[in-house]
Structures are given as structure tokens and as C-alpha cells.
């Protein structure tokens, strides 16, 4: 049976950063995730983005928390049961320099215990490789 890892394969490409500002880093992560979404559309894989990232005003953050937003929840949800799992959850990171927060680690472990395949992927290439394994493509 296929089992996802919390840490993904070592052969991931290291992405070159052109600037060190936080907005550039977020932009790179957005681009990586957009590439995964484009692949899913091409392959007709159903995916939902959980919009937990980003800075918010205190009032908006409180509102989102009141409406159920949880810190550290994975970025992408694939609501397709496969290989004995209820679905697939992916936390996207730009590259191996990106850190997984304690909250993200906690969610991944919790989701795995609940029967989901949950993992961290460093870049679009790793996420697409994970999708190919999960969906047996």
C-alpha cells in the first residue's frame, strides 16, 4: 500500500531566489502552487486550495478564525479516496530552505492518523510526483 512521507524525496530541485524579500518568496510559492493547479486541470484532478496563508489585519484574522480557519492546515486538498486513504492533502513549500511550522507538522500527523494521505512537497515537481503516485498516473 502506498504510504506518504512527511519529508519528500531528496532529488528535489533547488529553486534559485532572485530577491530576499518576503513578497518575492511568497510569489515563488504561489507560482509553484499555480503550476500544480495547472497540472491538475490538465489531468482532470479535482483539487481545492485552502486559503490559510498570508498576513491579515487583526480584525480580518479574528473573523477568519471565527469562521473556522486553522493555522497550519495544508494548502491543497484532493477529495478523492485512493489506495486506502480518504483523500490527499499537500502542504506546499517553495524549496528545502522553507521551514515546516509546528502547526503544519501537527496537522499532517493528525490527518495521517485520520486516514488521509498528508505530506509536504517542496516545489511543483515534487507535488506532481506525489500526485502521480497517489492517482497512479
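Brief remarks follow.
- Here's the picture: a label point sits 7 Å out from the Cα of residue 41 along the beta-carbon direction, and within the range 94-137 the residues with their amide nitrogen under 18 Å of it are 124-125, 128.
- Between residue 103 and residue 86, the modelled label-to-label distance comes to 2.1 nm, taking each label 7 Å out from Cα in the direction of the beta carbon.
- Protection proxy ranking for 62-71, 76-85, 38-47, 125-134, using the average of other Cβ atoms within 10 Å per residue and placing the highest first: 125-134, 76-85, 38-47, 62-71.
No value in this document is a laboratory result; all are computed from the given coordinates. The structure displayed is predicted, hence computed values, not measured ones. Cβ coordinates were reconstructed from backbone atoms using ideal geometry, including for glycine residues, and neighbour counts include every protein chain displayed.
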